[in-house]
Structures are given as structure tokens and as C-alpha cells.
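Novice: First the structure, then my questions, so here it is.
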Amino acid sequence: MTKDQYTFQNPVTRYPSISPPEQDQPEPGLDRDLVPQTDRGEHSYRGTGRLTGRKALITGADSGIGAAVAIAYAREGADVALSYLPEEEVDAQDVVRIIRACGQIAVPLPGDIASAEAARSLVAAAAQQLGGLDIVVNNAGKQISVDNLEDLSDEQFESTFTTNIFAIFWITKAALPHLPVGATIINTTSVQAYNPSPNLIDYAATKAAINNLTKGLAQQLAPRGIRVNAVAPGPFWTPLQVSDGQPKEKLPTFGKNTPLGRAGQPTELAPAYVFLASPESSYVLGETLNVNGGTPTP
Ligand code: NAD
Ligand code: MG
């Protein structure tokens, strides 16, 4: 029998404690070229109908965490629109293939969500091609490590905020007219929201902002029957880390300082996003679900 997320097993050894070789990819990185490869759930995520008939838009769905969420949502019975950058077509097509193999609809929607117009068109296209929209996962993100403030350019500071926080505002606002009662919005924040690394000043600040926006908007939309929550990953092995997200020399020890002693694999995050999307979490609003290998959080 193949192991899946319901197999009783040791969380320490469910996946090996990887020591990735130093490597570098241009931004945005590709899962295709990542060493070692990751588990996004193709052979390890088992669905049980928890999102049957739902229609989801997921940003950054081509790779890493977003890909794992897209695969899990399809296995749970949802149709999925995937947002990603045009350079990531090869990764996106792989996820599209897996979703279609589940018998679900996959709508690939390449584009740059750092443009307000593109972000709004993305939502319109997703709603039109899925025939509605009732889950929005704001997961796309930009993370570029810079050691010294003097070297952090105005352009990078602005573009990190545009991608990580402005796009959430544009996409969520454009999605609202489509969202029925019962719909859910899930934002990807980070352990960096509470424990900022000194080399991720701009990135960590956006993640704190996402946490705060999630808690405020959850209160605003609660009376309308729309729930907003967030997931805060710890260290997960994804292309973000090798496209200047971390200093290269830190890659071999990535994630080893967590209580579990290893980096997470993207599919280990998927159940959190499934739970928050599903009606089973009906009384959970404004929550940040930490999935981080055991690092204490506020
Ligand atoms: P990833 O590189 O696989 O995913 C990030 C995605 O963001 C890219 O695939 C890309 O499609 C999308 N993106 C970036 N800029 C974009 C733009 N301008 N327009 C459209 N799409 C754009 O890496 P990941 O680690 O899976 O990241 C997903 C989310 O998880 C991010 O928000 C990241 O900050 C967050 N996160 C990751 C970790 C980790 O350790 N990997 C930890 C905490 C939080
Ligand atoms: Mg990608």
C-alpha cells in the first residue's frame, strides 16, 4: 500500500532531512530544476471528497506550496484555476496534467499579478472559466535575500510589497462580487511574520502585513458568510529558496533548525489549506494556522 497523509507514521522520518546542494535559479525558480525534487502530493495525497464541486483560484499554483494545494484541492473534488508567471509554463502544465487526471477542470492563467489590471483580469477569467468562484488562495510571493539595508533597492522593496500584499488586495477585492455565502479566502503568510530573518526585511514585513490583513478582513466579511484565514509555513523546500530567497551557503542546512529537524515537503501543507477551505472549519475565522515543524509562534 502506498503511504499517504493518513498513514500512521513518525513525523520526524516521514520525509528525509534533506541537505540540498548549493544551487541557483533565476527568479522565479522552477520545480523542474530543483535538487532534490519535492513531494507535492502526486503520489501521496489521498482525497476524501472534502471539497466536492468547489471552484478555486490559487495564485503561485505552478510550483511549491501552491502546486501542492492545487493537487490536494483537485483530489478533494474541486476545479482549479492556476495563476503563475508565463516563465513557469512548464511547471504549471505538470500541475494541470495531475488535476485533469483527477477528472477535475484545470484552468491555466499565466500573468503578472504585480499589475493591478492583470490581477483583476485573472479573477474575471477564473470566475468565467470555472463558472463561478468560492475559494481564493492568495499564495504567490516574492522573497529575495539581501544582507544589508544599504543594498536593498527601492525597486525591490516596492516590488516585494506589490507582489506579496498589493496583489492580495487587488485579487480579493475583484473576487468579492463573485463569492457566494460560504466562500473562503486563504492567504499564505510565514513564520517570518513573527521571527523576521535579518536578511529578509522587506519580505518578512509583508508577511506580518498579510497576517494583520487576514484578521481585519475576516471580521469585516464574517457577517457576509465569507471566511478569511491564513496559513503560516515554516521552512518548506521549494523553488523560492533557490532563486535568491536564501543565501546559497544556507541551502544545505535549510530547515534543520526546526524541532522536527528537517524542512517540510509542500504536500505536508495541503491539509491545512483543505481544512480552511472546507465547511468543516465553519467557526474558524481570522486564524493563522502555523505549519512549521514545531517553531513556537505567538
Ligand atoms: P514558489 O516559488 O514555488 O511559489 C511562489 C510563486 O509565486 C511562484 O511559483 C510564482 O508563480 C508566484 N509569483 C511570484 N511573483 C509573481 C507575480 N508577479 N505574478 C504572478 N505570480 C507570481 O515558492 P513557495 O515557497 O511555494 O511560495 C509560496 C508562498 O509560500 C509564498 O507566498 C511564500 O512567501 C510562502 N512561504 C514559503 C515558505 C517556504 O519555506 N517555502 C515559508 C513561508 C511562506
Ligand atoms: Mg513557480
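Novice: Against the definition (within 9 Å of ligand 1 (Cβ to nearest atom), touching a residue at least 24 places away in the same chain (Cβ under 8 Å) and either farther than 23 Å from Glu22 by Cα or among the charged types (D, E, K, R) (or both)), how does Asn229 come out, yes or no?
Specialist: no
Novice: Go through (1) hydrophobic (A, V, I, L, M, F, W, C); (2) under 17 Å from the mean Cα position of the chain (by Cα); (3) within 16 Å of ligand 2 (Cβ to nearest atom) and name the single condition Ile135 misses.
Specialist: Just one mismatch for Ile135, condition (3).
Novice: Identify the residue in segment 60-82 that is open to solvent by 10 Å² or more (accessible area, probe 1.4 Å) and more than 8 Å from ligand 1 (Cβ to nearest atom) and, among all such residues, is nearest to Val107 (Cα to Cα).
Specialist: By that ranking, first place goes to Asp79.
Novice: Hey, can you tell me all the residues within segment 69-103 that are within 20 Å of Asp4 (Cα to Cα) and part of a loop (DSSP other than H, G, I, E, B)?
Specialist: The answer is Glu76, Gly77, Ala78, Cys102, Gly103.
Novice: Restricting to segment 195-254, and then to whatever is of a type in the set (A, V, I, L, M, F, W, C) and assigned to a loop (DSSP other than H, G, I, E, B), can you tell me which residue is nearest to Thr162 (Cα to Cα)?
Specialist: Taking the candidates together, the pick is Leu200.
Novice: Determine which single condition Pro223 fails, assuming it passes every other condition in (1) in contact (Cβ under 8 Å) with a residue 24 or more places away in the chain; (2) more than 12 Å from ligand 1 (Cβ to nearest atom).
Specialist: (1)
Novice: Here is a follow-up. Do you know which of the residues in segment 90-108 that are open to solvent by less than 20 Å² (accessible area, probe 1.4 Å) and hydrophobic (A, V, I, L, M, F, W, C) is nearest to ligand 2 (Cβ to nearest atom)?
Specialist: The residue in question is Ala92.
Novice: So, Arg32, is that one of a type outside the set (Val, Ile, Thr), within 16 Å of ligand 2 (Cβ to nearest atom), open to solvent by 20 Å² or more (accessible area, probe 1.4 Å) and not in a loop (DSSP other than H, G, I, E, B) or not?
Specialist: yes
Novice: Let me ask something else about it. Going through segment 176-194 one residue at a time, which ones are closer than 13 Å to Thr288 by Cβ and either in a loop (DSSP other than H, G, I, E, B) or among the charged types (D, E, K, R) (or both)?
Specialist: Within segment 176-194, Thr189, Ser190, Tyr194 meet the criteria.
Novice: Hey, can you tell me all the residues within segment 56-68 that are assigned to a strand (DSSP E or B) and either at pLDDT below 95 or β-branched (Val, Ile, Thr) (or both)?
Specialist: Across segment 56-68, the qualifying residues are Ile58, Thr59.
The values are calculated or read from the model by the stated rules, or taken from the named source; none is laboratory data. Please read all numbers here as calculations on a predicted model, not as lab measurements. Backbone-built Cβ (ideal geometry, glycine too); neighbour counts: all protein chains shown. We work out accessible area using only protein heavy atoms, side chains counted, and drop any ligands, DNA or RNA first. Shrake-Rupley method; radii C 1.70, N 1.55, O 1.52, S 1.80 Å.
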